[in-house]
Amino acid sequence: MPILTLTTDIGQRDYLVGAIKGQFLSLLPTWNINDITHYLSQTNFPQAAYTCSNAFKYYPQGTFHLVIVNLFESPVSYLLVAKYRDQYIICPDNGLLTMITGNKPNDIITIELGKQNTLLEITQVVAEKLVAIHHADSLAAAGELTFSIEEKYPLRATIGPNWMEGQILFIDNFENVVINITKEEFLEQCNGRNFKIVFKRNEVIEMISDNYTSVTESEKLAWFNSAGYLEIALRNGNMAGLFGLQGFNEQMQQTGSASGNKWFYQTVRIFFE
């Protein structure tokens, strides 16, 4: 039974997600279709990459992952299908593939869309091609290999001798704030030293907690979440909303920086002593 995941920015207030599932099931009723999310931001590729990469790794080999984010930013004549770690990732050629994988996969094909213009016309072509790949167990059944794709890569923390600076990757439903600093990066840079996690100019956290219950009600805390990333939160409070923190979006990814005072609301610094 083949597995398909859907990750999009189209929401679930209308019929589109249900129609896409119907397209796949009409061609191959044994599809096991799973929703990851349909509420990604069109312009926040770091958020999309964080969500996809940390969800995909829990699926078995052979899983197909259809990712639709900012599909119609420019005219679309093809989609990419990449085989990566024995799974298949299907997405537009807009840089998101390499942001999810962290490197350029060796095996990539293009699915030509011809004159298909609407979302459902495009996903119908995708459904047909993925069934072909599944039956043949080969990318070659659906398109031609390509070596030229748009490449973008995840934002990495900036590191100095006694400091680190990270950007806000994701704000969850509880307004907890995820930073693009991994536990491994932090421990290597910390090397047993004392530290201060500083955000919004003068807000400070000086310890890493095991979980949310490690601090008292409404106290600030930092910990490493299930994905291994630094997360700052308020126990039973809304960290992002209270302090005005914001995610680092795709426009900032393109320019490489935040402008004006926004920098204070989109970055977190760690100082080591």
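Read the figures in this text as sums done on the coordinates, not as results from a lab. Owing to the predicted nature of the structure, the values given are computational and were not obtained by experimental measurement. Neighbour counts run over all protein chains shown; Cβ positions are idealised from the backbone, glycine included.
Taking only the alpha-carbon atoms of the range 119-256, what semi-axes of the equivalent ellipsoid follow from 5 times the gyration tensor eigenvalues under a square root, in whole Å, largest first?
Working from the Cα gyration tensor, I get semi-axes of 39, 19, 16 Å.
List nothing, just return the count: lysine pairs in the chain, 8 or more apart or interchain, with Cα separation under 27 Å.
Pairs that pass both the separation and distance tests number 29.
Does anyone have the angle between helix 16-27 and the longest principal axis of the chain? Alpha-carbon axes, 0 to 90°, nearest 10?
40 degrees
Out of all DSSP beta bridges with both ends in the chain, state the antiparallel percent to the nearest 5.
75 percent
Report, to two decimal places, the Cα Rg of the range 152-227 normalised by 2.2 N^0.38 Å (N = number of residues).
1.13
Mind pulling the angle between the C-alpha long axis of helix 45-56 and the longest principal axis of the chain? Nearest 10 degrees, somewhere in 0 to 90.
For helix 45-56, the angle is close to 70 degrees.
State, as an integer percentage, the relative contact order of the chain based on alpha-carbon contacts under 8 Å between residues 6 or more apart.
Normalised by residue count, the contact order of the chain is 16 percent.
Looking at the range 41-91, which chymotrypsin sites (Phe, Trp or Tyr not before Pro) are in a loop (DSSP not H, G, I, E or B) and have at most 10 other Cβ atoms within 10 Å?
Within the range 41-91, the qualifying chymotrypsin sites (Phe, Trp or Tyr not before Pro) (loop, at most 10 other Cβ atoms within 10 Å) are 58.
Quick one: work out the % antiparallel among DSSP beta bridges in the range 1-116, nearest 5.
In the range 1-116, approximately 45 percent of DSSP beta bridges are antiparallel ones.
Label points 7 Å out from Cα along the Cβ direction at residue 187 and residue 85: separation in nm?
In this crude label model, residue 187 to residue 85 measures out at 1.9 nm.
Restricting things to alpha carbons, find the Rg to Rh ratio for the range 1-106 using the Kirkwood radius for Rh.
A ratio of 0.93.
Once the convex hull of the C-alpha atoms of the range 91-168 is built, how many Å³ does it hold per residue, rounded to a whole number?
Value for the range 91-168: 134 Å³ per residue.
Where does the range 34-84 land on the Kirkwood hydrodynamic radius, alpha-carbon pairs, in angstrom?
12.4 Å
What 222 nm value per residue comes from the helices of the chain, counting each DSSP H run with n ≥ 4 as -39,500 (n - 2.57) and dividing by all residues, nearest 500 deg cm²/dmol?
Helix-only estimate at 222 nm: -7500 deg cm²/dmol.
For the range 56-98, what mean projected area does the convex hull of the alpha carbons give, in nm²?
3.0 nm²
Give me a comma-separated list of calculated 3J(HN,Hα) values for the range 103-108, in order, Karplus coefficients 6.51, -1.76, 1.60 applied at θ = phi - 60°, integers in Hz, x for any Gly or Pro.
7, 7, x, 6, 10, 9
Which of the trypsin sites (Lys or Arg not before Pro) across the range 201-236 are loop residues per DSSP, with 10 or fewer other Cβ within 10 Å?
Taking the range 201-236 and a limit of 10 other Cβ atoms within 10 Å, the loop trypsin sites (Lys or Arg not before Pro) found are 201.
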